[in-house]
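A quick write-up on the structure given underneath.
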Amino acid sequence: MNESTALVTGANSGIGKEIARQLADAGLTVYVGARDAGRGEQAVREIGGRARLLLLDVTDEKSVADAAQQVESLDILVNNAGMMVDDATAAEASVDSFRRTFETNLFGVLAVTNAFLPVLRRSAAPRIVNLSSGTGSLTQSADSGHRFAFAPGSAAAYRSSKAALNALTLFQAQSLADAGFKVNAVAPGLRATNLNALAAGSAGDPAEGAAGAVRLALLPDDGPTGGFFSWDGSPLPW
Ligand code: NAP
């Protein structure tokens, strides 16, 4: 049994459900963040252990505030909830699709993190993991030889939101370093989930990508902060 408590947002499916499952298997109490009660309860049943439902829509200010009220102690926050509206290139994309994407993938992370900071600050070893994407690496995107170089269907809104999330991760780590926080971003790799139906190429097991997030969630005190890592633990360029 592990005395730590974790919250995983968007934990009713895909990589988030696997992160919650692996943390529950490690003996932690895990809040399964879900915006839909039915989908959330189903995930809690599947995960078992000390998993419990926390209703949470990361784009809804009241929902975030209500959720934060219900959690008395928290050591680990995994900002996993994410979405992709479309795969339009920047030349094709609408401002609306950028706004909707950023609402969840960036502003949702900021809102949830700030709402849970008071309770995280009471932890002896607070950890925050932001689910980014290798496609959000500007270095790799600018490399014409890299598989994430520009191509039709490059999902400019999604990739921009993950690049911005990387920036937020760094600034969160810097502003929370004095309080003992470890804040890192992870790229889980291309995984077979609801989200990546729009992504091209072959997709792997969500559990493998989840393990990379869990490693960062359980970092020891001498672990890194303010970094961007692949699911296998190797550092990625911003
Ligand atoms: P997924 O199965 O679609 O899971 C996304 C989760 O986020 C779902 O539980 C979804 O809930 C939830 N969510 C979306 N909007 C939300 C909101 N406003 N409030 C609360 N929850 C919300 O996709 P996934 O692939 O596991 O994605 C998990 C994370 O990994 C995302 O941040 C994604 O960008 C990242 N990622 C995925 C891949 C990949 O290849 N799959 C690659 C790189 C990064 P509903 O079921 O209610 O929609």
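Numbers below:
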| item | result |
| --- | --- |
| Mean Cβ count within 10 Å, highest first, over the residues of peptides 165-173, 123-131 | 123-131, 165-173 |
| Value of [θ]222 nm, deg cm²/dmol, for the chain, DSSP H segments ≥ 4, -39500 (n - 2.57) each, nearest 500 | -11500 deg cm²/dmol |
| Percent RCO, i.e. relative contact order, over region 110-238, from Cα pairs under 8 Å lying at least 6 residues apart | 31 percent |
| Kirkwood estimate for the chain, i.e. one over the average of 1/r between Cα atoms, Å | 17.6 Å |
| Ordering of 208-218, 93-103 by packing [mean C-beta count within 10 Å, highest first] | 208-218, 93-103 |
| Net charge of neighbours whose Cβ lies under 13 Å from the Cβ of Gly212, counting Lys and Arg as +1 and Asp and Glu as -1 | -2 |
| Global form of region 1-98, assessed from the alpha-carbon gyration tensor, a/c cut-off 1.5 | prolate |
| Integer Hz, Karplus 6.51/-1.76/1.60 couplings in order for region 73-85, x for Gly and Pro | 9, 8, 10, 10, 10, 10, 7, 9, 3, x, 8, 10, 6 |
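No value in this document is a laboratory result; all are computed from the given coordinates. Fair warning: this is a prediction, and the values are worked out from it, not measured in the lab. Neighbour counts run over all protein chains shown; Cβ positions are idealised from the backbone, glycine included.
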